[in-house]
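First up is the structure itself, then whatever we jot down about it.
Derivation of every value follows stated rules applied to the coordinates shown; laboratory data play no part. None of the values given here were measured: they were computed from a predicted structure. We place every Cβ from the backbone using ideal geometry, glycine too, and count neighbours over all the protein chains shown.
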Amino acid sequence: MIEIDNLHPIMKELLNLRGITSKEDIFDFFFQDIYSLSNPFNIRDVNVFVARLKEAIESNEKILVYGDKDADGVTAASIIYNTLKMVTKNVEAFVPNHETGYGLSKAVIEEYANSGVSLIITVDCGISNVEEVEFARDLSIDIIVTDHHDIPEIMPNAYALFNPKISNTGFVSKNFSGCAVAFKLMQAFVFSYTKLYNKDIIVLDYEINKQSNTLKRIRALKSVNFVPSDEVFGFELAGENSYKSMYIDYYDELITEDEVLEELASYMFEGDGTVLVLTGGEDRLKRLIALYEKYEIYLPEYDSVYDLLQLGAKYGNVNIKTTKTLDDFALALNINIYRYDKIEYKDLIIKTEIFRRMFYISQKNLQNYIRKKSILVLFGTVADVVPLIEENRVYVKCALKELEKPSHVRYNVILEKINLLNTKVDTQIISWRIAPFINAAGRMGSAETALKLLTSELKEEAVSLAETVYSMNETRKSLTESNFNIVNEYIKNNSCLKLPIIIVRSKKIEQGLTGLIAGKVLSEYGKTAVIIHESEDGICVGSIRSRGDDNARDLLEEASVYLTKFGGHKNAAGFTLSSDNFDKFQSKIIKYAANQNFNTEKDNDVFDLELNFKSVDLKLAKDLELFEPYGAGNEEPVFISKNVKVNDIKKIQKNNKLHLRLELLQSDKKINAIIWNSSEEEVSKLLNSNYIDIIYKLKVNRYANSEDARIYIESYKVF
């Protein structure tokens with residue numbers, strides 16, 4: 001177990017490079033788990049969302065989940081559809097094809113309106129569809145927009161609108177994918193079926209003088225759906241039968257003990273039901289009730305009483321006999337106590353969080369729901385290349401473990417089809433194998449096939465759908481290769497590299513592959529790529545993949561006057577325009593890219609820190625594993641070491657490829673290293689070197705019950 005106060009200096013520096021410096025952030029980075037997920041009821045208007053869904057279900061209204069055709073949109077639609085079909089038969093899901101295009105379509109809305117749909121929930125789309133949302137309203141359809149794309153100047157007048165990029169809306173991160181936004185909302189919806197939904201939860205803390213049987217102090221914090229009240233109740237003894245408020249905003253006069261008890265009763269019993277939470281439970285509460293009886297004050301009935309200590313012992317496996325302080329108790333239960341350091345009533349907040357965590361763990365149905373749906377969040381989040389930081393990191397960590405279980409039929413069917421069943425899946429495998437598999441259906445014009453696969457109930461159906469998607473993916477691979485060759489040839493023959501961005505327009509490029517091709521061009525040349533499919537009837541549909549700080553969304557905003565539709569993120573965006581406007585569009589974005597100094601050079605020498613071999617050992621290699629899972633925003637650490645001597649080289653021939661195992665020396669310390677996919681020429685060059693500078697990753701090499709720290713060289717320079 002890593003100790004926050006005793007971090008390895010290299011670990012601390014790597015965290016600093018990621019902007020993780022406070023104890024609060026370090027704790028979250030290493031210790032957050034699925035029960036640490038932020039409270040969805042902190043999101044603005046989430047109660048409106050839950051209430052509207054429940055109203056629709058109780059009234060047997062028809063509900064449509066409207067998604068997007070990429071993996072994020074399909075997984076987001078699957079999350080909401082799979083959840084709602086557990087409680088209503090009147091729900092359908094729709095994802096677009098090439099003809100329908102990205103975002104909401106008036107034709108699709110009208111078609112579903114005619115079939116009786118009265119509520120539409122968008123996922124991964126809708127934030128830019130002002131006209132379409134107004135069109136739905138005219139047809140008496142309520143539209144709830146859930147999206148994560150960048151915010152336009154004018155947003156739709158939806159029934160409710162959820163987007164983490166809108167300021168002050170209660171989302172804990174602006175980096176959520178569309179499926180994570182959908183999941184947060186459904187987390188609240190599923191919680192609404194538990195016994196604590198909309199109950200007043202009162203965390204109580206008080207001291208009673210045993211000799212005089214009088215209050216010394218009493219405090220209470222109320223929350224509804226675990227959202228704490230702005231008012232915290234607190235009084236302490238100031239003189240004989242005289243009590244003052246501990247919190248200035250609550251009460252500014254001295255009151256008597258019986259008045260304190262009456263105020264507390266009013267504070268606790270405002271809602272439809274009350275749950276009491278305190279250390280000691282029913283036994284400790286009896287002493288407070290005795291005070292009410294002494295003054296013959298009526299205490300309304302409460303629903304139930306929970307003992308925090310017993311909950312911690314039962315659901316958190318904490319030894320309450322040896323745990324001395326609240327902080328120790330909370331840390332043992334994986335509560336981030338550092339988050340509340342500046343709050344005056346920190347202990348009451350921590351107790352509320354302890355109760356929230358224990359309650360979630362105690363609810364098996366809620367627990368299973370969160371774990372299973374996290375797999376869809378994993379697929380969509382990694383596929384959409386959103387940063388794997390903050391809460392995104394929690395989803396991915398949890399889901400990778402959950403995916404190892406044999407009980408997930410539809411996901412195991414996918415893994416089996418692409419030869420990954422019983423393989424340890426990591427984010428790289430998701431990114432390279434599973435996300436492209438799911439995306440293939442949408443790229444080939446049939447996203448609904450992937451949707452059906454991710455929502456299928458029967459194994460036989462899932463197997464058949466997986467076979468169909470597999471065939472689409474094989475076709476996609478072949479077309480991607482041939483399309484990239486076409487684009488590559490065009491780039492070389494048309495001086496494309498002289499411009500600040502690469503722009504290719506062709507009728508030979510498949511419409512569904514423009515994003516993939518743009519990504520490959522970006523990877524190949526290190527420059528922002530704009531790849532456009534042009535149809536026979538003069539419509540251009542394109543994708544942008546941008547590098548580093550180059551902002552694809554801003555690029556399109558600058559030229560929006562020429563576009564009929566556009567949307568996306570900083571590093572990935574899509575658009576549609578008429579061929580008649582192409583020349584003006586091209587001129588505009590080239591000028592903007594030049595003025596904004598878009599990156600033009602590919603830098604291979606990227607690393608986090610310089611290390612001396614004296615610092616490299618097995619403990620550091622194992623500590624580095626705690627940075628997993630890796631992905632956008634949390635890349636695997638890369639190091640550089642200079643003036644390294646090559647002592648020895650052993651050649652490894654495997655699958656007609658030559659790999660090298662090197663013995664390296666620096667500062668009188670030897671370390672083994674690997675170079676994959678090498679050559680005889682490299683062997684000669686390395687053996688004849690005086691020394692080399694190496695850029696590498698440090699990993700634990702495990703083989704035959706032994707472990708050692710091993711370097712995996714990414715690149716090197718010979719001196």
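Taking the centroid of alpha carbons for each part, the range 42-79 and the range 253-288 are 38 Å apart.
For the range 1-71, the set of trypsin sites (Lys or Arg not before Pro) satisfying both a DSSP loop assignment and a count of at most 15 other C-beta atoms within 10 Å is given as R44.
In plain terms, the residue of D70, D258 with the fewest other Cβ atoms within 10 Å comes first and the most crowded comes last, giving D258, D70. Restricting attention to the range 450-556, lysine pairs at least eight places apart or on different chains and with alpha-carbon atoms under 28 angstrom apart total 19. If both residues of a DSSP beta bridge must be in the chain, then about 70% of such bridges are antiparallel.
Put a dot 7 Å past the Cα of V409, heading toward its Cβ, do the same for T21, and the two dots end up 5.2 nm apart. Net charge dipole, the chain: roughly 2880 debye, given to the nearest 20, about the Cα centre with Cβ charges of +1 for Lys and Arg and -1 for Asp and Glu.
The length gained on full extension between H8 and E682, counted as 0.36 nm times the residue separation minus their Cα-Cα distance, comes to 239.1 nm. For the range 282-322, state which chymotrypsin sites (Phe, Trp or Tyr not before Pro) are in a DSSP loop and have at most 11 other beta carbons lying within 10 Å of their beta carbon. Here the sparse-neighbourhood loop sites are Y298. Which shape class, rounded, prolate or oblate, goes with the range 37-120 when its Cα gyration tensor gives a ≥ b ≥ c as root eigenvalues, a/c under 1.5 marks rounded, and past that a/b bigger than b/c marks prolate? Cα axes put the range 37-120 in the oblate bin.
Amide H contacts of G280 (H built 1.01 Å from N, in plane; Pro and chain starts excluded): L308, L309, Q310 sit under 5 Å, all sequence-distant by 5 or more or on other chains. Could you tell me which residue out of V133, S105, Y243 lies farthest along the dipole of the chain toward its positive end? Charges go on the beta carbon: Lys and Arg +1, Asp and Glu -1, centred on the Cα centre. With unit charges placed on the Cβ atoms, the residue in question is S105.
In this structure, the residue pairs whose Cα-Cα separation is over 31 Å, taken from K622/K669; K62/K424; K69/K372; K372/K654; K424/K697; K85/K364, are K62/K424; K372/K654. Distant-in-sequence amide contacts of Y630, defined by a placed amide H-H separation under 5 Å and a gap of 5 or more residues or a different chain, comprise T427. Backbone phi angles across the range 151-167, fed through the Karplus curve with coefficients 6.51, -1.76 and 1.60 (θ = phi - 60°), yield HN-Hα couplings of 7, x, 4, 10, 9, x, 8, 8, 4, 8, 9, 10, 8, x, 7, 7, 5 Hz in residue order; Gly and Pro are listed as x.
For K685, a cut-off of 18 angstrom between C-alpha atoms picks up these aspartates and glutamates, skipping any fewer than 8 places away in its own chain: D648, E663, D693, E714. Once each of the GluC sites (Glu not before Pro) sitting in a DSSP loop with at most 16 other beta-carbon atoms within 10 Å is removed, the chain keeps 4-98 as its longest stretch. The length gained by stretching the chain between L626 and A594 to full extension, at 0.36 nm per residue less their Cα-Cα distance, is 7.4 nm. In straight-distance terms, cross-link reach from K222 covers every one of the lysines whose alpha-carbon lies under 22 Å from its own, apart from those fewer than eight places away in the same chain; here that gives K195, K199, K244, K286, K342, K346, K351. Within the range 70-133, the trypsin sites (Lys or Arg not before Pro) that combine a DSSP coil assignment with at most 10 other C-beta atoms in a 10 angstrom radius are K89. Here is the P(r) of the range 365-475: all C-alpha pair distances, binned every 10 Å from 0, give 14, 49, 33, 4, 0 in whole percents. For the range 609-718, the dipole from Cβ point charges (+1 on Lys and Arg, -1 on Asp and Glu) about the Cα centre works out to 320 debye, to the nearest 20.
Using Cβ point charges alone (K and R +1, D and E -1), the dipole size of the range 494-595 about the Cα centre works out to roughly 260 debye. Choose one of L64, T75, S118: the residue whose Cα lies farthest towards the positive end of the charge dipole of the range 40-191 (beta-carbon charges +1 Lys, Arg; -1 Asp, Glu; about the Cα centre). Comparing the listed Cα positions along the dipole, T75 ranks first. Check the straight Cα-Cα distances from K314 and name the aspartates and glutamates below 20 Å, setting aside those fewer than 8 residues away within the same chain. Excluding near neighbours in sequence, the set is D33, E282, D283, D327, D328, E353. Rounded to whole numbers, the Karplus 3J(HN,Hα) couplings from phi for the range 230-242 are 5, 9, 10, 8, x, 9, 9, 5, 10, x, 4, 6, 9 Hz, using 6.51 cos²θ - 1.76 cosθ + 1.60 with θ = phi - 60°, and x at Gly and Pro.
Applying 1/(1 + (r/R0)^6) with r as the Cβ-Cβ distance of S431 and K401 and R0 = 22 angstrom yields a FRET efficiency of 0.80.
Note on the chain: Cα-only Rg and Dmax are 29.5, 95 Å. Evaluating 6.51 cos²θ - 1.76 cosθ + 1.60 at θ = phi - 60° for every residue in the range 625-637, the Karplus couplings come out as 5, 6, 7, 5, x, 8, x, 4, x, 8, 6, 4, x Hz, glycine and proline recorded as x. Compute the whole-percent fraction of alpha carbon pairs in the range 494-595 spaced more than 19 Å apart. Everything past 19 Å amounts to 32 percent.
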